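*Asks:* There's a structure below that I have some questions on.
The values are calculated or read from the model by the stated rules, or taken from the named source; none is laboratory data. Here the structure is a predicted model, which is why all the values come from computation and not from measurement. Virtual Cβ from ideal backbone geometry, glycine too; neighbours counted across all protein chains shown. The area values use the complete protein model at the heavy-atom level, side chains included, leaving out ligands, DNA and RNA. Shrake-Rupley method; radii C 1.70, N 1.55, O 1.52, S 1.80 Å.
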Amino acid sequence: MKQQLQVMLTLQDEINTVVNKNWRAQNFAWYRAIWVESAELLDHYGWKWWKKQQPDIDQVKLELVDIWHFGLSLELQQGSPAQVAEKMLKELAAGQRGPGEFREDLEAFTLSTLASKQFDLPGFAQLLADTEMPFTELYQRYVGKNVLNRFRQDNGYKEGTYVKNWGGREDNEHLAEIAAELDASAVDYSEQVYRILQQRYREAASA
């Protein structure tokens, strides 16, 4: 778990640096991004008592991964990946309880984040428990999304020249297929995902 956490922190530091070399000094409102993502997440889970709603758990998990990106960024404001990993592990362990009432836990997590402008790690761990999402799944989903974000940046996303649909499918679909074929516990998992994405992209461009 510690190794996977350090990998994710390092990847987040790298993608933030690609977007803005001096990102730590910018003091971006990461907590606000978490708040907005939490509202989107609740929509996927369902909260309207006047209509029948079934939680879209896969979308809920995707939103949790997006929140995790911003949470890692907040934690990295306090130091390097190696420096903050130990603290994060302890706080994640403190939040590991049995499943609770998801909507109430999400509201408590969001309120804590807004009040402190920091990442409520125990609260996030509770949301993982509520959705029965183990840390290994969070790792696999996060690394995949992070690699895809970096891949997009490297291929013209910021300039507006990258098109998400290639090879007859969206890049998210290519990513899901690649991730399903690889061993997420491999030390070079992120490099493998990137390499195969790039290979597919080039093949689609030359077809």
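*Asks:* So, in region 78-117, exactly how many residues are outside any helix (DSSP H, G or I) and either closer than 22 Å to GLU132 by Cβ or touching a helix residue (DSSP H, G or I) at 6+ places or on another chain (Cβ under 6 Å) (or both)?
*Replies:* Start the filter on region 78-117 by keeping residues that are outside any helix (DSSP H, G or I), which leaves 78-80, 95-101, 117.
Applying the additional criterion that residues be either closer than 22 Å to GLU132 by Cβ or touching a helix residue (DSSP H, G or I) at 6+ places or on another chain (Cβ under 6 Å) (or both) yields 78, 95-101, 117.
Residues meeting the conditions: 9.
*Asks:* Name the pairs whose Cβ atoms lie under 7 Å apart, with the first residue in region 18-35 and within 17 Å of PRO81 (Cα to Cα), the second basic (Lys, Arg), and 6 or more positions between them or separate chains?
*Replies:* What qualifies is VAL18/ARG150.
*Asks:* Identify, please: which residue in region 1-17 is among the β-branched types (Val, Ile, Thr) and touching a residue at least 12 places away in the same chain (Cβ under 8 Å) and is, among those, least open to solvent (accessible area, probe 1.4 Å)?
*Replies:* Among those residues, the one meeting the criterion is ILE15.
*Asks:* OK, next. For region 176-207, give me each residue that is small (Gly, Ala, Ser) and more than 21 Å from the chain's Cα centre (by Cα). Step through it out loud before you land on a result.
*Replies:* At the first step, the residues of region 176-207 found to be small (Gly, Ala, Ser) are 176, 179-180, 184-186, 190, 204-207.
ALA204, ALA205, SER206, ALA207, listed by residue number.
*Asks:* Among the listed residues GLU159, GLU132, GLU173, which satisfies the condition of being free of Cβ contacts under 8 Å to residues at least 12 places away in the same chain, open to solvent by 70 Å² or more (accessible area, probe 1.4 Å) and under 20 Å from the mean Cα position of the chain (by Cα)?
*Replies:* So the residue among GLU159, GLU132, GLU173 that is free of Cβ contacts under 8 Å to residues at least 12 places away in the same chain, open to solvent by 70 Å² or more (accessible area, probe 1.4 Å) and under 20 Å from the mean Cα position of the chain (by Cα) is GLU173.
*Asks:* Still on this structure: Restricting attention to region 150-185, which residues are in a strand (DSSP E or B) and in contact with an Asp or Glu (Cβ under 8 Å, 6 or more places away or on another chain)?
*Replies:* ASN165
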